[in-house]
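Reviewing the structure listed below.
Read the figures in this text as sums done on the coordinates, not as results from a lab. Keep in mind that this is a model prediction, so the values were computed, not measured. Positions of Cβ are backbone-derived with ideal geometry, glycine not excepted, and every protein chain shown enters the neighbour counts.
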Amino acid sequence: MVVLNVTNFRAAYPSAYRSVAEARRAVGVFAKSCGFAMPDISDIVLAVGEACSNAVEHGHVERARFVVTCDFADPVLRIEVRDTGAGFGTETPLGCGALSEFVGRGRGIQIMRALMDAVTYRCNGSGTTAVLEKRLSACGVEKASGESYGIDSRGSG
């Protein structure tokens, strides 16, 4: 009998939009191997896609790469998306403005915060790191606020 106990994942991708889908898929496979249910995997994959898109758009420098690292310490999956570009301004807390301030774009951080249990950013002279965390939970288990994990108002994932 073979027991597979994978607790971390790391991959570097070319800083190009075509790499975002590959990174999302890899993180989804990793999250599944950690025991996450499909509704949570969908949330994780969408949030990681937003973080990777930000890394490509705001962290792009010629021939650059972005790095995705996942660590699972039961029950928390921690995902880091790191780039080497200049990033974006941090004069105001990232993703904390009203939705009306983001006409047509700029909602990615708010989307990540809605889907994940924690989202933070570290910006310095050598790039930006987005840190996303999701706790392992049973599908459909209610949060203290009464919301359901991974279930929309129609009852579908």
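Some points to look at:
- Segment His58..Glu22, full-extension length gain: 11.1 nm, with 0.36 nm per residue of separation and the alpha-carbon distance subtracted.
- All-pairs Cα distance distribution in region 8-135, expressed in whole percent, bin size 5 Å: 2, 12, 23, 24, 20, 13, 6, 1
- Annotation note: trypsin sites (Lys or Arg not before Pro) in region 1-74 located in DSSP loop regions with a Cβ neighbour count of at most 12 within 10 Å are Arg63.
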